[in-house]
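Q: What follows is a structure written as structure tokens; I'll ask about it next.
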Amino acid sequence: MNKKVVIIGGGIAGMEASITLAELGYHATLLEKSHSTGGHVQDWYQLFPNRRPAKEVLTFSELRMEGKVKTINDADIIEIEKNINDFRILLRNGKLVVADAIVVATGFDLFDAHRKEEYGYGIYENVITSADLEKRFSEGKKILTHGGAVPKRIGIIHCVGSRDEKSGNNYCSKVCCVTGVKQAIEIREMLPETEVFCFYMDLRMFGRHFEELYKESQEKWGVNFIRGRLSEANENADGSILLKVEDTLAGKPLKMKVDLLILLAGFVPSGGTKAIGKMLGLPFGDDGFITPKDEHTSTNLTDIQGVFVTGSCTGPKSIQDSIADARAAATQVANYLK
Amino acid sequence: MKVEGKRLIWKDYQKEIAEDKFFYVRSCIRQTFFPGSEWAFLKIMKEVLGKDVYENPAHTTCTGIGYHSDIVPFDTTMTVVARQFALMTEAGYQNLVPSCITSFGLYTEVMETWKHFPEEEKKVREYLKKATGREFEVPKNLAHASDIIYKFRKQIAAKGKYRLINKTTGEPLKVVEHIGCHYAKMFPSKGVGGAEYPYVLTGMVEDWGGEVIDYPERRHCCGFGFRQYLVKANRGFSVACSKKKFESMAPYKPDMIITNCPGCPMFLDRWQYVISEMEGKTYGEDGHGIPVFTYEEVAGLILGFDPWDLGLQLHQVPTEPLLNKIGIPYDPFKKYLGKNGEDIGIPIKPSMLNTQ
Amino acid sequence: MNKLFDKLQEDVRFREGLKACINCGTCTAICPAAEFYDYDPRQIVDIVQTRNEEKIEALLKSETIWYCGECMSCKTRCPRGNVPGLIICALRSLSQELGYFVESEKGRQQLALKRTIGKSILKTGYCVSPELVAAKLHPEQGPMWEWSQQHLPEIYNRLGANYKGDGPGALRKIPEEALDELARIFEITGGNKRFETIEEFSSKKAKELGLELDSGTDSEYFLNIYTTNNNRHNKK
């Protein structure tokens, strides 16, 4: 077949969509804004629920792409022109890419934790995000406080930038809870003398093996869970972090000192999702993500002929969700192009 | 701690503060406990900065304390507020400057309520017309008096005689800045710097040479709590809140506290005296306590106003140690004299607090 | 029947203050009253949102709703845009309207506030003035205040005030016409009605308790409500 499909966004959803389309016999071109494909999974160390290495999932895709998918990195899209029969995508470097169908896979960004002011990210050095922690894991770094000591107690905060009118995001980012449980276990394994406290409102263990992971975190690793959303973090004179929270199950306010605080930052629609969605004239929901043609029956279609959506650009998703969704999108494209 | 992190947040909370032509409304508490501060504010505005500040003597309390004691219904409070607006409108002004933080919070709350519930504004217009015959326009700009001093802090620094620096060591003074709860907690976008890292006092301190201390209980209420202080049986709550703050700030060895709400400096000042009597404990150096100031007093000191004109003699925690640190001269014999220099006696010394 | 909840809904502060609570606890975590009193704003909001008539009535008669200091720290934190402090304002207003406030030690104190602050507003046009903070009733103000109370005009005028004078200035005499306007505002908007309600129910309660109550601030009942603390207000 000579039909050309352009996939915008080289994260795992975009990668998987491009491979599936290539395997179905289409010319698949993957446009990626940054220097390399792989998206956020490049920054992760081990994946929930079974703590398998993130690299394995990337390699699985990368190997299958080789020789089959044309990848253009550093592809900064400045204009998309829709004609009767095709699309013309103009890159900043002047290159023009033509497509018979487009798959938008522009994904998410992590909530910028600076914006949750009362948690002190970017002000108190011992406050970091889950992404910062995961990076330390990936780089094989020791988990130490800013002062270089082994933390005696670490706090993990759920719902940072999610389920929060003040942060501007009312929605749940879905995967942070299980990420928190995973990271709690990883910390406990690395630092057996360190206490870990997770501060949550709900524990969203929605996927297969998630609830069992939570059970393991308690039974095998002694992770503590306190049902109370963090209200405020302050810095003590020694650089440790003072937490103000309510233990809602006990019905009492609680002040707790931790040596390191980890913020589970949620999802927001990425800059690319906002820009490409606008360029194509796609509708956005109140939550800022792209709204597909039908949220039950046609989650990969849009109201624009030839434009398809997949991955986190239509809402927070796990890696499993994204890969499955990408393959589904590919079948929809194939259906359209036949 | 990375102060640059705070600067990013401060950028997001800039607010419109009028340049000139202010309608000034006074504060029940500030007049009662810090009258020199209102005098200083007006002197600075008119004589130092050359601004037009107008006061209509027919203005009254905004009823804020009564409202927050829940004895004055919201309809009554809104209508009294509307009357203040009417006096402002009639005088041809559009920029309202309250001296009190509770007032500032209340005016903001009333205007926001009317935005969400326009029928409330309509109702209040009718009430005001019926009760007084007056009509009003909502202020175009509402800024607290501390916002104005903040806006002109650099000009004040330029004309200043003194800086918030320890003249012996050359080091900036360590300053605790305490913001009134009703300044930004209700409507963070209406406070310079927002609710979490307010900048209105920090900006003054920084431009006047001092260094702001961050301590864990920085945002904690001083404990006024309206009914929690006004009724004797409840006062334990009030002193406990202030004590919490003192215990938290003490390790950072602050030289002084600066506040923008009129009630807070009274409480932070008097509760140190009370704690010293109740528990024998004093904060600060040599049993002197940590001196507490209104921002008007600090601005006045910077500009070289006489401390006893500013009203520092009405502080229970002595301010002389701080004046000495800065190198501001004062005549100890003039401290307790009356308006015409008459001798009206001196207060008894407290048993624990070292008032020299 | 959710009559009490419906009544609360009539108060604009209640409508501003209650959206829906997910029991996250960020309000209680930051609340100064929750630190010192047996008080939990989250639980109060959670109770109110059930709309349950009995539970809300119990709340209106309880000590609980009088612990709040109206600092509004709760407003800065709630992820659902609720304001427990405003809900408290509405509960306190309703509790007074229905006379339930006299059923609690803290609630009965409303009479003291009415006869001090409330009286001051109508008499002087100020909520608070130096005379109201009499040194004998306020030993916490310290010896400096005691001294200043003996020389009010000399000290205050030295500090630029216009103590009880005509024209502008701190602590000026607020003109009669202005006080008349305030009085008419209080009459039309229900301010006087609130004051009368507080007096009426307090008077009944004083009789019930067998305590003398006159119109001043010296009688048995007044001193009782102003100073009594049963020491059962803190957490166990």
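Values in this text are rule-based calculations from the coordinates and carry no lab data. Computed from a predicted structure; not experimentally measured. For neighbour counting, all protein chains shown are included, and Cβ atoms are generated from backbone atoms with ideal geometry for every residue, glycine included.
Q: Which value, in nm² and rounded to one decimal, describes the direction-averaged projected area of the C-alpha convex hull of segment C:176-236? Present the calculation step by step, with values, prior to reporting the outcome.
A: Values: hull surface 26.0 nm².
Averaged projected hull area, Cα only: 6.5 nm².
Q: I would also like to ask the following. Assign unit charges at the C-beta atoms only (+1 for Lys and Arg, -1 for Asp and Glu), then state the dipole size of segment C:142-197 relative to its Cα centre in Debye, rounded to the nearest 20. Can you show the working numbers first?
A: Details: 7 positive and 9 negative charges, 33 e Å.
Dipole size: approximately 160 debye.
Q: To continue, here is another question. Among the aspartates and glutamates, which fall within straight-line cross-link reach of A:LYS70, defined as a Cα-Cα distance under 19 Å, with same-chain neighbours fewer than 8 residues apart omitted?
A: A:GLU16, A:GLU23, A:GLU32, A:GLU62, A:ASP86, A:ASP100
Q: Right, something else. Please get the size of the charge dipole for chain B, origin at its Cα centre, with Cβ charges of +1 on Lys and Arg and -1 on Asp and Glu, quoted in debye to the nearest 20.
A: Details: 46 positive and 44 negative charges, 46 e Å.
The calculation lands at about 220 debye.
Q: What area, in nm² and to one decimal, does the C-alpha convex hull of segment B:2-114 cast on average over all directions? Provide the component values of the computation, followed by the final result.
A: On the way: hull surface 37.5 nm².
Averaged projected hull area, Cα only: 9.4 nm².
Q: Within the P(r) computed for segment C:49-96, what percentage of the Cα pairs occupies the region above 11 Å?
A: Taking all Cα-Cα pairs of segment C:49-96, the fraction more than 11 Å apart is 69 percent.
Q: Averaged over its residues, how many other protein chain Cβ atoms are within 10 Å of peptide B:183-190's Cβ atoms?
A: Details: counts 0, 2, 9, 8, 3, 4, 0, 0.
Rounded to a whole number, the mean comes out at 3.
Q: Antiparallel as a % of all DSSP beta bridges within chain B, to the nearest 5? Could the numbers behind the result be given before it?
A: Values: 2 of 19 bridges.
Roughly 10 percent of the beta bridges in chain B run antiparallel, per DSSP.
Q: Set Lys and Arg Cβ to +1 and Asp and Glu Cβ to -1, take the dipole of chain A about its Cα centre, and tell me which of A:VAL103, A:TRP44, A:HIS146 lies farthest positive.
A: Ranked along the dipole, the leading option is A:VAL103.
Q: How about segment C:138-236: which GluC sites (Glu not before Pro) there lie in a loop by DSSP and see at most 16 other Cβ atoms within 10 Å? Present the calculation step by step, with values, prior to reporting the outcome.
A: Values: sites: C:GLU140, C:GLU146, C:GLU154, C:GLU176, C:GLU177, C:GLU181, C:GLU187, C:GLU196, C:GLU199, C:GLU200, C:GLU208, C:GLU212, C:GLU220; in loops: C:GLU212.
Those that pass, being in a loop and sparsely packed, are C:GLU212.
Q: Per DSSP H run of n ≥ 4, the term is -39500 (n - 2.57); total these for chain A, divide by its residue number, and report the mean residue ellipticity at 222 nm rounded to 500 deg cm²/dmol.
A: Working: 7 runs with 87 residues, N = 338.
One gets -8000 deg cm²/dmol as the mean residue ellipticity at 222 nm.
Q: I need the peptides C:52-60, C:19-27 ranked by packing, meaning the mean over residues of other C-beta atoms within 10 angstrom, with the highest value on top. Mind dumping the intermediate values first?
A: Details: C:52-60: 16.4, C:19-27: 21.7.
The peptides rank, most packed first, as C:19-27, C:52-60.
Q: What length, rounded to one decimal in nm, is gained on full extension from B:LEU8 through to B:GLU90, with 0.36 nm per residue of separation minus their alpha-carbon distance? Please list the in-between numbers first.
A: Values: separation 82, 0.36 × 82 = 29.52 nm, distance 4.08 nm.
Gain in length upon complete extension: 25.4 nm.
Q: For a quick check of your reading of the filter: which trypsin sites (Lys or Arg not before Pro) in segment A:72-144 sit in a DSSP loop and have no more than 13 other Cβ atoms within 10 Å? Show your work: numbers first, answer last.
A: Numbers: sites: A:LYS82, A:ARG88, A:ARG92, A:LYS95, A:ARG115, A:LYS116, A:LYS135, A:ARG136, A:LYS141, A:LYS142; in loops: A:ARG92, A:LYS95, A:LYS116, A:LYS141, A:LYS142.
Sparse-neighbourhood loop trypsin sites (Lys or Arg not before Pro): A:ARG92, A:LYS95, A:LYS141, A:LYS142.
Q: Related question: Average partner chain C-beta neighbours within 10 Å, per residue of C:164-171? Can you show the working numbers first?
A: Values: counts 0, 1, 1, 2, 9, 8, 14, 6.
Neighbouring Cβ atoms belonging to other protein chains average 5 per residue here.
Q: Could you state the principal axis extents of the C-alpha atoms in the protein assembly as shown, from the largest down, to the nearest angstrom?
A: Projected onto the principal axes, the Cα atoms of the protein assembly as shown cover 103, 70, 59 Å.
Q: Hey, got a sec? Which trypsin sites (Lys or Arg not before Pro) in segment A:167-203 land in a DSSP loop and have at most 12 other Cβ atoms within 10 Å? Spell out each step's value before the answer.
A: Numbers: sites: A:LYS174, A:LYS182, A:ARG188; in loops: A:LYS174.
Sparse-neighbourhood loop trypsin sites (Lys or Arg not before Pro): none present.
Q: Over segment C:83-215, what number does the Rg to Rh ratio reach, with both radii from the alpha-carbon atoms and Rh per Kirkwood?
A: Values: Rg = 17.9 Å, Rh = 17.2 Å.
My calculation puts Rg/Rh at 1.04.
Q: Binning every alpha carbon pair distance of segment A:56-108 at 10 Å from zero, what are the percents per bin?
A: For segment A:56-108, the binned pair fractions read 20, 43, 31, 7, 0 percent.
Q: Provide A:MET256, A:MET190 in ascending order of the number of other Cβ atoms located within 10 Å of each residue's Cβ, fewest first. Intermediate values should be presented prior to the final figure.
A: On the way: A:MET256 16, A:MET190 13.
Arranged by neighbour count, lowest to highest, A:MET256, A:MET190 become A:MET190, A:MET256.
Q: Another question about this same structure. Would you mind checking which residues have amide H under 5 Å from A:LEU30's amide H? H placed 1.01 Å from N; only 5 or more apart, or other chain.
A: Residues meeting the amide H criterion: A:ILE7, A:LYS70, A:THR71, A:ILE72.
Q: Separate question: Seen from all sides and averaged, what is the projected area of the convex hull of the Cα atoms in segment A:38-175, in nm²?
A: Details: hull surface 50.5 nm².
Dividing the Cα hull surface by four gives the mean projection, 12.6 nm².
Q: Another question, if that's okay. I want to check the label-to-label distance for B:MET278 and A:GLU193. Put each point 7 Å from Cα in the C-beta direction and report it in nm to one decimal.
A: Once both label points are built, they end up 4.1 nm from each other.
Q: If the only charges are +1 at each Lys and Arg Cβ and -1 at each Asp and Glu Cβ, what is the size of the charge dipole of segment B:270-333 around the Cα centre, to the nearest 20 debye?
A: Numbers: 3 positive and 10 negative charges, 34 e Å.
Once rounded to the nearest 20, the dipole reads 160 debye.
Q: Among all the lysines, which ones have a C-alpha under 24 Å from B:LYS21's C-alpha, if same-chain residues fewer than 8 places away are not counted?
A: B:LYS43, B:LYS46, B:LYS51, B:LYS140, B:LYS151, B:LYS154, B:LYS159, B:LYS190
Q: Okay, next question. What angle, in degrees between 0 and 90 and rounded to the nearest 10, separates the Cα long axis of helix C:176-189 from the longest principal axis of the Cα atoms of chain C?
A: For helix C:176-189, the angle is close to 20 degrees.
Q: I'd like to know which of B:ILE328, B:GLY210, A:LEU31 lies farthest towards the positive end of the charge dipole of the protein assembly as shown, counting +1 on Cβ of Lys and Arg and -1 on Cβ of Asp and Glu.
A: Value: A:LEU31.
Q: For segment B:146-162, take each phi angle, set θ = phi - 60°, evaluate the Karplus expression 6.51 cos²θ - 1.76 cosθ + 1.60, and give the result in whole Hz per residue in order, putting x for glycine and proline.
A: 5, 5, 5, 4, 4, 4, 9, 5, 6, 5, 5, 4, 5, 8, x, 9, 10
Q: If you build the Cα gyration tensor of chain C and take the root of 5 times each eigenvalue, what three semi-axes come out, in whole angstrom, biggest first? Let's see the in-between values first.
A: Details: eigenvalues 235, 91, 82 Å².
Equivalent ellipsoid of chain C: 34, 21, 20 Å, largest first.
Q: Right, something else. Please return the longest range in chain B lying between exposed loop sites, taking GluC sites (Glu not before Pro), DSSP loop only, at most 14 other beta-carbon atoms within 10 Å, and leaving the sites out. Working shown, then result.
A: Working: sites that count: B:GLU16, B:GLU19, B:GLU135, B:GLU137, B:GLU285, B:GLU342.
Result, exposed sites excluded: B:138-284.
Q: Still on this structure, I have one more. Can you work out ³J(HN,Hα) from phi for every residue in segment A:192-199, in order, using Karplus 6.51 cos²θ - 1.76 cosθ + 1.60 and θ = phi - 60°, giving whole Hz and x for Gly and Pro?
A: Using θ = phi - 60°, the values come out as x, 8, 8, 7, 10, 10, 9, 10 Hz.
Q: Same structure, new question: Just to confirm my numbers, what's the Cα centroid distance between segment B:159-174 and segment A:40-60 in Å?
A: Their Cα centres are 56 Å away from one another.
Q: If you take the charge dipole of the protein assembly as shown about its Cα centre, with +1 on Lys and Arg Cβ and -1 on Asp and Glu Cβ, which of C:LEU98, B:ALA195, B:MET45 is farthest toward its positive end?
A: B:ALA195
Q: For C:213-226, what's the mean count of beta carbons from other chains sitting within 10 Å of each residue's beta carbon? Please report the intermediate quantities before stating the final value.
A: Details: counts 0, 0, 0, 0, 0, 0, 0, 0, 0, 0, 1, 1, 3, 5.
Average per residue, whole number: 1.
Q: Provide, in order from the shortest bin, the percent of all Cα-Cα pairs of segment C:18-157 in each 5 Å bin, continuing until the bin that contains the maximum pair distance.
A: Cα pair-distance distribution for segment C:18-157, in percent: 2, 9, 15, 16, 15, 13, 10, 9, 6, 3, 1, 0.
Q: Taking every DSSP beta bridge that has both residues in segment A:22-159, what percent is antiparallel when rounded to the nearest 5? Could you put the intermediate results ahead of the total?
A: Details: 11 of 15 bridges.
Of those bridges, close to 75 percent are antiparallel.
Q: Counting each DSSP H run of 4 or more residues in chain B as -39500 (n - 2.57), what helix-only mean residue ellipticity at 222 nm follows after dividing by all residues, to the nearest 500 deg cm²/dmol? Each step should come with its number before you reach the end.
A: Working: 17 runs with 159 residues, N = 356.
After summing the helix terms and dividing by the residues of chain B, the value is -13000 deg cm²/dmol.
Q: Run the reach check for C:LYS3 against aspartates and glutamates, Cα to Cα strictly under 13 Å, same-chain hits fewer than 8 apart removed. What comes back?
A: C:GLU53, C:GLU54, C:GLU57
Q: If you don't mind, there's one more thing I want to ask. Apply the Karplus parameterisation 6.51 cos²θ - 1.76 cosθ + 1.60, with θ equal to phi minus 60°, to every residue of segment A:306-321 and state each ³J(HN,Hα) to the nearest whole Hz, in sequence, with x for glycine and proline.
A: So the J values, rounded to whole Hz, are x, 10, 10, 10, 8, x, 6, 5, 9, x, x, 9, 7, 5, 4, 4.
Q: Along the three principal axes, how long is segment A:218-297 when you take its alpha carbons, biggest first, rounded to the nearest angstrom?
A: Extents along the principal axes: 51, 32, 27 Å.
Q: While we're looking at this one, here's another question. Using DSSP, restrict attention to beta bridges with both residues in the protein assembly as shown and report what percent are antiparallel, rounded to the nearest 5. List each step's numbers first, then the result.
A: Details: 31 of 81 bridges.
Expressed as a percentage, antiparallel bridges in the protein assembly as shown total about 40.
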